[in-house]
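Data first, discussion second: the structure below is written as structure tokens.
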Amino acid sequence: KIKGVKIGPFGGGDFDWTSGAEKNFVANFPIVLKEIANKVLESDRTIILALDETETMCKVPQMASFVRSLLEYLNHEKILNVMFVFTVTPDGYDLLIRQHPSFGRPWRVVNLETLKEEETSSLFKQTVKKGTPVKAVEQEILHRIVTLCNGYPGVVQEIGYWAFEIATNNQIEFDDLKLALKGTKNQKGAIETIEDQHFPFLKEFNEEMRS
């Protein structure tokens, strides 16, 4: 049986502490993780700790050293029932290796393929169905979206989110897709959001060129 557990530095999780400062999260996280692991160990279970969407985290100075120190601490304390799953782009992984040359040593790298067309289509339809009200999308529009996303789940989610937010009725149409990509006066849109998350240097370059 798999049970999801939230761990939050400022409250709201199943295991959390409200010290009020980010530095306390870094300092206390190994201790809190040890406490959780010890409780889980009593029931002969394993913790799977998933670190997802780590593009921003990879840019934090000394992040690689923090992760390595965390692993060494757990090993020293004989906490062996914790498994880490770390999702990272190739560029993010390179950043971590540059921070700490031996960062990659404890990890087993699994290269994930991009989504197939039918998987992309299914993910998009699931994304827009989760909102209220439920919205449909024409097959021709869906085909265009699948082509634009090129198999990357994050792009599927962003286009799906903005198309849902911008569509004024229960059907996502071509004009909605255009605005979902480019944004409106009050909404950023998928292109700018993806630019902010993954290509901030490109955004700065574009703004400089426009000026």
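The values are calculated or read from the model by the stated rules, or taken from the named source; none is laboratory data. All of these numbers come straight from a predicted model, not from anything done at the bench. Counting neighbours? That spans all protein chains shown, and the Cβs are built from the backbone with ideal geometry, glycine included. Just so you know, the surface numbers come from the protein's heavy atoms only, side chains and all, with ligands and any DNA or RNA stripped out. Shrake-Rupley method; radii C 1.70, N 1.55, O 1.52, S 1.80 Å.
Surface calculation, 1.4 Å probe, protein heavy atoms: residue 76 sits at approximately 140 Å² accessible.
Over the range 51-135, what percent of the accessible surface lies on carbon and sulfur atoms, probe 1.4 Å? Carbon plus sulfur share of accessible area: 54 percent.
The string of couplings for the range 186-195 from the Karplus curve (6.51, -1.76, 1.60, θ = phi - 60°) is 9, 10, 5, x, 5, 4, 5, 5, 5, 4 Hz, one whole number per residue in order, with x for Gly and Pro. Once backbone amide H atoms are built at 1.01 Å from N, residue 136 has 171, 172 as its partners under 5 Å, excluding neighbours fewer than 5 places away on the same chain. The label-point distance for residue 144 and residue 109, in a model that sets each label 7 Å from Cα toward Cβ, rounds to 3.8 nm.
Solvent-accessible surface (1.4 Å probe) assigned to residue 72 amounts to roughly 100 Å². The HN-Hα couplings worked out from phi for the range 101-111 by the Karplus form 6.51 cos²θ - 1.76 cosθ + 1.60 (θ = phi - 60°) are x, 9, 4, x, 4, x, 9, 9, 7, 10, 7 Hz, whole numbers, x standing for Gly and Pro. Relative contact order of the range 97-152: 41 percent, from C-alpha pairs under 8 Å at least 6 residues apart in sequence. Residues whose amide H falls under 5 Å from that of residue 82, counting only those 5 or more places apart or on a different chain, are 47, with hydrogens built in the peptide plane.
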